[in-house]
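Let me begin by presenting the structure, written as structure tokens, before commenting on it.
The values are calculated or read from the model by the stated rules, or taken from the named source; none is laboratory data. Since we're looking at a predicted model, the values are computed, not measured. With ideal geometry, Cβ positions are generated from the backbone for all residues, glycine too; neighbour counts draw on all protein chains shown.
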Amino acid sequence: MEIVPGLFQLKTPMMGPALPYVMPYALRGADGVSLFDAGFGTPPAVEAMTSELAGLGYEPKDIRRLFISHAHPDHIGMAGWVKEQSPDCQVIMLEREWQWIQDRWLDNAAWTALSDGWLVRHGLPPEEVEAAQAAGALSPNSPAVKPGDAPASRPGDEGKPRNEGRPNGGRMPFTYVEPDVKLQDGDVVEFDGWRLQAVWTPGHTPGHMCMYETNHRLMFTGDHVLPYISPNVSLHADQEGTSPLRDFRDSLQKVAAFDVAAALPAHEFTIADLRERCEILLHHHDDRLEEVRAAIGEEPSSARSISQRVKWNTGPFDDFNIFMKRSAVGETLAHLRLLEDEGRVSSTEPDGRVLWQRAG
Ligand SMILES: [Zn+2]
């Protein structure tokens, strides 16, 4: 679908039923095509990309730039394949996201060990974490898997208990590519009549990037703002001391302040009124903050107990697999952290378990 002359919304398939596709965007240029996001690196996604490009008169070798919104596999997963097909293509993302990839994703064994202890600290029974570990459900792997090789098991994209699910049991082929260009917030990339400004929007991930196309007043929103579902915002083991939900709310206000004709998200469909959608997402999290605070009850509670008491769109917490539980606990913690910053809850850590109580 052509959004404005020379800018096309493409589709590449996801790996599960929850969200059927990713929407990369193709920008025509003088000497080839540039993409904002690409999709998974799976054979069906690569095939879809190849035929989408062919429909525009391009081959994969014509890809000149690949802008990446964030490091989740449905956005960055195809980057390795793109680099193979078009070695001179510039992979472009925020430096902050590349830093997070190195901190979080390149040593999965270390991260998984950290995360296992963290799950227990936040109330999961150690036996349950150990059983999941023994079953290989949390086993680490090397992220440097070439596309087309056997899919590797990886802890992956944290599940998304309320929206994206964990297709394929967390197995996906994948490779990380060091970006050729590492942007800072506000940097502008100009080529062939396009003028793209990087907009740092932490929350969904620490270095998530939206891009504002200033000539046409279009905002590429990645997963930061989606038209129907609300993006997963979680506090994870490597993010203690940060407040992803505060970041996310600030980032919603940040993009809402731009003069935007239309917003182009990575899933679902085009957003006509970005400002209104940001307002709805802010209210959604206000309601969720109240719900999480109410779920604490009279006794000090762990994040796991609170997660058992709040409502999830995908069913009761106790029915979740370990990935979804980790994601759900992370999401509950993102809300608890913001409530704590606001003085509305407080935490203690007796016997190595973090417990929350209402305050204020
Ligand atoms: Zn996504």
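Within the stretch 46-75, track down each residue that is buried (at least 22 other Cβ atoms within 10 Å of the Cβ) and among the hydroxyl-bearing types (Ser, Thr, Tyr).
Ser69
Is it the case that some residue within the stretch 325-333 is part of a helix (DSSP H, G or I) and surrounded by fewer than 22 Cβ atoms within 10 Å (Cβ to Cβ)? I'd like the intermediate steps shown before the answer.
The initial filter retains those residues of the stretch 325-333 that are part of a helix (DSSP H, G or I), namely 325-333.
From the residues that got through so far, the ones that are surrounded by fewer than 22 Cβ atoms within 10 Å (Cβ to Cβ) too are none.
The answer is no; no qualifying residue exists.
Given the options Val260, Val255, Val292, name the one that is touching a strand residue (DSSP E or B) at 6+ places or on another chain (Cβ under 9 Å), β-branched (Val, Ile, Thr), closer than 30 Å to Leu124 by Cα and more than 16 Å from the ligand (Cβ to nearest atom). Write out each step before concluding.
Numbers: Val260 fails: closer than 30 Å to Leu124 by Cα; Val255 fails: closer than 30 Å to Leu124 by Cα.
Val292 is the lone residue from the list that is touching a strand residue (DSSP E or B) at 6+ places or on another chain (Cβ under 9 Å), β-branched (Val, Ile, Thr), closer than 30 Å to Leu124 by Cα and more than 16 Å from the ligand (Cβ to nearest atom).
Being within 26 Å of Val260 (Cβ to Cβ) and not polar (S, T, N, Q) narrows it down to one of Gly41, Gly6, so name that one.
Values: Gly41 fails: within 26 Å of Val260 (Cβ to Cβ).
Exactly one residue qualifies, and that residue is Gly6.
Examine the stretch 182-191 for a residue that is in contact (Cβ under 8 Å) with a residue 24 or more places away in the chain, surrounded by 22 or more Cβ atoms within 10 Å (Cβ to Cβ) and touching a helix residue (DSSP H, G or I) at 6+ places or on another chain (Cβ under 8 Å), and state whether such a residue exists.
Taking every residue of the stretch 182-191 in turn, at least one turns out to be in contact (Cβ under 8 Å) with a residue 24 or more places away in the chain, surrounded by 22 or more Cβ atoms within 10 Å (Cβ to Cβ) and touching a helix residue (DSSP H, G or I) at 6+ places or on another chain (Cβ under 8 Å).
Would you be able to tell me the number of residues in the stretch 263-282 that are hydrophobic (A, V, I, L, M, F, W, C) and within 16 Å of the ligand (Cβ to nearest atom)?
Within the stretch 263-282, residues that are hydrophobic (A, V, I, L, M, F, W, C) and within 16 Å of the ligand (Cβ to nearest atom) number 6.
Spot the failing condition for Val233; the list is (1) over 29 Å from Phe40 (Cα atoms); (2) in contact with a His (Cβ under 7 Å, 6 or more places away or on another chain); (3) of a type in the set (Val, Ile, Thr), and only one is missed.
(1)
Given the conditions (1) over 17 Å from Leu119 (Cβ atoms); (2) in a helix (DSSP H, G or I), report the number of the one that Gly315 does not fulfil.
Exception for Gly315: condition (2).
Please find, among Ser327, Ser305, the residue that is modelled with pLDDT of 95 or more and hydroxyl-bearing (Ser, Thr, Tyr). If you could, list the steps in order and put the result at the bottom.
Working: Ser327 fails: modelled with pLDDT of 95 or more.
Every option except Ser305 fails the conditions.
The rows are residues; the columns are (1) within 20 Å of Ser234 (Cα to Cα); (2) at pLDDT 95 or above; (3) surrounded by fewer than 21 Cβ atoms within 10 Å (Cβ to Cβ).
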| residue | (1), (2), (3) |
| --- | --- |
| Gly77 | no, no, no |
| Cys89 | no, yes, no |
| Gln102 | yes, no, yes |
| Leu114 | yes, no, yes |
| Glu130 | no, no, yes |
| Ala134 | no, no, yes |
| Ser139 | no, no, yes |
| Lys160 | yes, no, no |
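Anything in the stretch 220-243 that is within 16 Å of the ligand (Cβ to nearest atom) and either under 23 Å from Leu336 (Cα atoms) or more than 12 Å from the chain's Cα centre (by Cα) (or both)? List them, or say none. Reasoning before the result, please.
So the first thing to find is which residues in the stretch 220-243 are within 16 Å of the ligand (Cβ to nearest atom), and the list is 220-234.
Scanning the stretch 220-243 gives Phe220, Asp223, His224, Val225, Pro227, Tyr228, Ile229, Ser230, Pro231, Asn232, Val233, Ser234.
Return yes or no: is Asp238 touching a residue at least 12 places away in the same chain (Cβ under 8 Å) and touching a Pro at 6+ places or on another chain (Cβ under 8 Å)? Don't jump to the end; show me each part of the working.
Details: touching a residue at least 12 places away in the same chain (Cβ under 8 Å): yes; touching a Pro at 6+ places or on another chain (Cβ under 8 Å): no.
No, not satisfied.
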